[in-house]
Amino acid sequence: MSHATLSSLYPHHVATLQARAAEALRRGGLDHLVVPSGTLHYHHFDDRDYPYAVNPQFKAWLPLTQAPGSWLVVTPGAKPKLVFLQPHDYWHVVPEAPAGYRVEQFEIVVIRTPEEAAQHLPDAARSAILGEPQSAIEGHAPDNPQPVLAYLEYHRAFKTPYEIEMMRQASRIGARAHRAAERAFRAGSSEFGIHLAYCQAAGQDANDLPYGNIIALNEHGAVLHYTHRDRLPPKPVRSFLIDAGASFGGYASDITRTYSAADDEFAAMIRAVDTAQLALCDMVRAGTDYARIHVQAHLLLAGVLRDFGVIKVSPEDALASGVSSAFFPHGIGHGIGLQVHDVAGFAASDAGGTIAKPDGHPYLRLTRTLEPGMVVTIEPGIYFIDMLLDELKAKGLGDAVDWDRVDAFRPYGGIRIEDDVVCTDGDPLNLTREAFADGA
């Protein structure tokens, strides 16, 4: 994606956010939207700060991810104002002043101390101030009014064309790094070594990435959020599950792939899950209830388990009894964008309310009906998790499972395959598969 294309899309993006801000303020009975970028947090009893994370409400407007102490002011009918903190400091690298096509859309005021921002902010009593408590300065403390926040978070699910292009870039970086990670795995690297190869290829360190890399060899693939990273590889190495993303201008990609060290039965199961995953990606269409994709995932994955002799019952019976949940215990995915797990996944409307999760599926992160502009992950998985399999036996469902087949697959841990998919007016746009195909 060229600089020129992003520059041509950006004015429409800002105009869309201005329109959303105007309606959110109308609902809140307020005149101004005031958004701090966030501040540094320090360790208790220490003088080290935690990694800085920019306020998502701030980076929605500008891809400034390392500008703590700055503020954004949006007043309907006026050009939005960026109050940019650029301190005089020889201890640390000072944020570079914004430049390029994006600055044309803003009035920019540079300040040297955090306290100076107050003189450039509107009356707090007439403002919705969206941020964390630590961002408060004298006279301006975040209050996060519910009508304003509910409206903005609900509509953040609908990405502008500019945002889709930003996410496309994040996907290209992630795909490039995933290929490097697979090469490191094939070369015999440890989990830690694979992680370093990933970061090197992405050009991002652990604090730049949108979430902590999951780099799991063998049985570690059965731990859904495995982040330990052994320094030595196991012997023998059988399998590799990697769940790792990349950032671009504050937007995230979220990609998972699974590999077998040999062209064995586990490799065949990976291919079967991949086929199911692509069928589920094809369901990301306007008007589809996302929870229906989750239920279909259970049926397809139970079909894989039956085909490989792991379970003895039909997919429908496996879903109804809870057997499938022992092998696929998480949700089919979530919204993604400025945050890996994007907000308002259960929102009934832009005024609030909640759409309940299906009974028996407590870990689904999104229950909304898909509409054009939404971007979601599709990440089916099959795992061999001792704790959940023991629970199946305790519930009297052990006869549904061939335990010899479980023993054959247990040393491989599990399989997960995850893509980021855009809902459109027609066929889905799979940003992840596109990135891998492009060879970026």
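The values are calculated or read from the model by the stated rules, or taken from the named source; none is laboratory data. Quick caveat: nothing in here was measured; it's all calculated off a predicted structure. No Cβ is skipped: glycine too gets one built from the backbone with ideal geometry, and neighbour counts run over all protein chains shown. Heavy atoms of the whole protein, side chains included, go into the accessibility calculation; ligands, DNA and RNA do not. Shrake-Rupley method; radii C 1.70, N 1.55, O 1.52, S 1.80 Å.
Condition (residue is under 12 Å from the mean Cα position of the chain (by Cα), among the hydrophobic types (A, V, I, L, M, F, W, C), under 16 Å from Pro380 (Cα atoms) and open to solvent by less than 30 Å² (accessible area, probe 1.4 Å)) applied to region 240-251: is it met by at least one residue? Yes: region 240-251 contains one or more residues that are under 12 Å from the mean Cα position of the chain (by Cα), among the hydrophobic types (A, V, I, L, M, F, W, C), under 16 Å from Pro380 (Cα atoms) and open to solvent by less than 30 Å² (accessible area, probe 1.4 Å). In region 361-399, the residue that is nearest to Tyr154 (Cα to Cα) out of those that are surrounded by fewer than 21 Cβ atoms within 10 Å (Cβ to Cβ) and among the small types (Gly, Ala, Ser) is Gly373. Val284 falls short on exactly one of the conditions (1) of a type outside the set (D, E, K, R); (2) touching a Gly at 6+ places or on another chain (Cβ under 8 Å); (3) under 24 Å from Ile164 (Cβ atoms); (4) crowded, with 18+ Cβ neighbours inside 10 Å, and that condition is (2).
Tell me, yes or no, whether region 75-88 has at least one residue that is of a type in the set (Phe, Trp, Tyr), part of a strand (DSSP E or B) and surrounded by 13 or more Cβ atoms within 10 Å (Cβ to Cβ). Write out each step before concluding.
First, the residues of region 75-88 that are of a type in the set (Phe, Trp, Tyr): 84.
Still in the running and part of a strand (DSSP E or B): 84.
Then keep just the ones that are surrounded by 13 or more Cβ atoms within 10 Å (Cβ to Cβ); that gives 84.
Among the residues of region 75-88, at least one is of a type in the set (Phe, Trp, Tyr), part of a strand (DSSP E or B) and surrounded by 13 or more Cβ atoms within 10 Å (Cβ to Cβ), which makes the answer yes.
Looking for something touching a Leu at 6+ places or on another chain (Cβ under 8 Å) and either modelled with pLDDT of 95 or more or surrounded by fewer than 22 Cβ atoms within 10 Å (Cβ to Cβ) (or both) - is there at least one such residue anywhere in region 334-343?
Within region 334-343, one or more residues are touching a Leu at 6+ places or on another chain (Cβ under 8 Å) and either modelled with pLDDT of 95 or more or surrounded by fewer than 22 Cβ atoms within 10 Å (Cβ to Cβ) (or both).
Out of the residues in region 21-69 meeting the condition of being assigned to a helix (DSSP H, G or I) and over 26 Å from Ala99 (Cβ atoms), tell me which one is nearest to the chain's Cα centre (by Cα). Among them, the one singled out is Ala24. Scan region 121-133 for residues that are open to solvent by 50 Å² or more (accessible area, probe 1.4 Å), touching a residue at least 12 places away in the same chain (Cβ under 8 Å) and assigned to a helix (DSSP H, G or I) and jot them down. Of everything in region 121-133, just one residue is open to solvent by 50 Å² or more (accessible area, probe 1.4 Å), touching a residue at least 12 places away in the same chain (Cβ under 8 Å) and assigned to a helix (DSSP H, G or I), namely Arg126.
Under 30 Å from Ala206 (Cβ atoms), free of Cβ contacts under 8 Å to residues at least 40 places away in the same chain, open to solvent by 60 Å² or more (accessible area, probe 1.4 Å) and aromatic (Phe, Trp, Tyr): is that true of Tyr52 in this structure? No, not satisfied. When the helices (runs of 4 or more DSSP H) confined to region 134-212 are screened for residues that are over 26 Å from Val237 (Cα atoms), those reaching at least 2 such residues are found at 146-155, 161-186. Taking first residues from region 282-306 that are touching a residue at least 24 places away in the same chain (Cβ under 8 Å) and partners that are open to solvent by 60 Å² or more (accessible area, probe 1.4 Å) and part of a strand (DSSP E or B), the Cβ contacts under 6 Å between residues at least 6 apart in sequence or on separate chains come to Asp289/Thr369.
Counting only residues that are within 25 Å of Val54 (Cα to Cα) and touching a residue at least 12 places away in the same chain (Cβ under 8 Å), give me the strands (runs of 3 or more DSSP E) lying completely in region 322-388 with at least 3 of them.
On the way: elements: 347-349, 352-354, 375-378, 381-383.
Of the strands (runs of 3 or more DSSP E) lying wholly inside region 322-388, those with at least 3 residues that are within 25 Å of Val54 (Cα to Cα) and touching a residue at least 12 places away in the same chain (Cβ under 8 Å) span 375-378.
Being over 18 Å from Lys79 (Cα atoms) and at pLDDT 95 or above is the filter here, so list the residues in region 89-111 that pass it.
Applying the first criterion (over 18 Å from Lys79 (Cα atoms)) to region 89-111 yields 89-97, 111.
The one that is over 18 Å from Lys79 (Cα atoms) and at pLDDT 95 or above: Ile111.
Just checking, does region 216-227 include any residue being open to solvent by less than 40 Å² (accessible area, probe 1.4 Å) and either in a strand (DSSP E or B) or modelled with pLDDT under 95 (or both)? Yes, because at least one residue in region 216-227 is open to solvent by less than 40 Å² (accessible area, probe 1.4 Å) and either in a strand (DSSP E or B) or modelled with pLDDT under 95 (or both). From Gln66, Gln105, which residue is within 25 Å of Glu165 (Cα to Cα) and surrounded by fewer than 17 Cβ atoms within 10 Å (Cβ to Cβ)? On inspection, the qualifying residue turns out to be Gln66.
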